[in-house]
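These notes are about the structure you will find just below.
Rule-based calculations on the coordinates, nothing more; no lab input. Computed from a predicted model, the values in this text were never measured in an experiment. Heads up, the Cβs are rebuilt from the backbone with ideal geometry, glycines too, and the neighbour counts pull from every protein chain shown.
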Amino acid sequence: MIYRSQRAFLGIVALLFAASAAVTIVWSGSMPATGGMAMPGDWTMSMAWMRMPGQSWSGAVATFLGMWIVMMVAMMLPSLAPMLWRYQRALCCVVGPGQLARLTVFAALGYFFVWAVLGVVAFPLGVGLATMTMALPTVSRAVPMATGAVVVIAGALQFSAWKARHLACCRGASGGDEVRNPGFAAAWRHGLRLGIHCTYCCAGLTAILLVMGVMDLRSMALVAAAITLERLAPAGQQVARIIGGVVIVAGLFLMLRAGEMA
């Protein structure tokens, strides 16, 4: 029974991952001007921060959020799946199969709601920066150096106790507390807690994604792989530090290149 349940769970997760990844790839490839605008300072600004001709701001927000949520499902589902499975195992002896499936969906919705809120915050910040860089060439020329600095800071954050604490919460989340009250509100709260810990844990890596190009497929793939490795590898904290070292080197390279181009 447990084997069949796990097989069904993995099958659904695999389908959701494949669908969200395919939509993300198609969406990224369909963006105008191959997804970017050449800017002073020899860098490319993502078109995700732009309104398309004839598009209202409400339409731009809706488009970005739709793109953001689908992208986050593709990026975060591989590391979220083990947490959801542990949640199911904690409740499997308390509720029936149908109720268990609905509670799992509610927990996942709570988790991705947190990421959606982050997207709501990120969009006006990205639009503001895009507007500033288009209006002020001096600011635009400083962006490559600033991008490298953000990457270096994100790498350093991988070594912090703050990162270690939230990574441990993500890796150890089981949902056992919800056994005492296996309802939809508890499932939603569990998903919210997972999402909050996850966004804190991924703050540095998410910042890299935002500054390198929110719809850049290579950046998405690398960030998703880093997040998945530090969550699922046996020695997650060591993996996080290795990732941090690689990221710091990459950020220093970006800063060096920006200095040469200046």
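Per-residue packing, averaged as other Cβ atoms within 10 Å, sorts the ranges 103-110, 127-134, 146-153 into the order 103-110, 146-153, 127-134, beginning with the highest. Work from the charge dipole of the chain (Cβ charges, +1 for Lys and Arg, -1 for Asp and Glu, about the Cα centre) and give the residue of Val211, Leu100, Met39 farthest towards its positive end. So the residue we want is Leu100. Computed about its Cα centre, the charge dipole of the chain is approximately 700 debye, with only Lys, Arg, Asp and Glu carrying charge at their Cβ. Considering only alpha-carbon pairs that sit under 8 angstrom and 6 or more positions apart, the relative contact order computed for the stretch 2-261 is 27 percent. Helical runs (DSSP H, four residues minimum) scored at -39500 (n - 2.57) apiece and divided by the length of the chain put the mean residue ellipticity at 222 nm at -27500 deg cm²/dmol.
For the chain, the longest principal axis of the C-alpha atoms and the axis of helix 203-212 are separated by about 40°. Compared with the dominant principal axis of the Cα atoms in the chain, helix 217-232 is inclined by about 40°. Extension gain, Ala135-Leu15: 0.36 nm per intervening residue step, less the Cα-Cα distance, totals 38.8 nm.
Fewest-first ordering of Asp216, Asp42 by other beta carbons within 10 Å of each residue's beta carbon gives Asp42, Asp216. Using R0 = 30 Å, the C-beta based FRET efficiency linking Ala168 and Val246 works out to 0.90.
Seen from every direction in turn and averaged, the convex hull around the alpha carbons of the stretch 2-261 projects onto 14.5 nm². Can you give the angle from 0 to 90° between the axis of helix 57-91 and the longest principal axis of the chain, with both taken from C-alpha atoms, to the nearest 10? Once rounded, one gets 40 degrees. A simple packing score, the average count of other Cβ atoms within 10 Å per residue, orders the peptides 52-61, 231-240 as 231-240, 52-61, with the highest score first.
Full extension of the chain between Phe159 and Arg218 yields a length gain of 18.8 nm, computed as 0.36 nm times the residue separation minus the alpha carbon distance.
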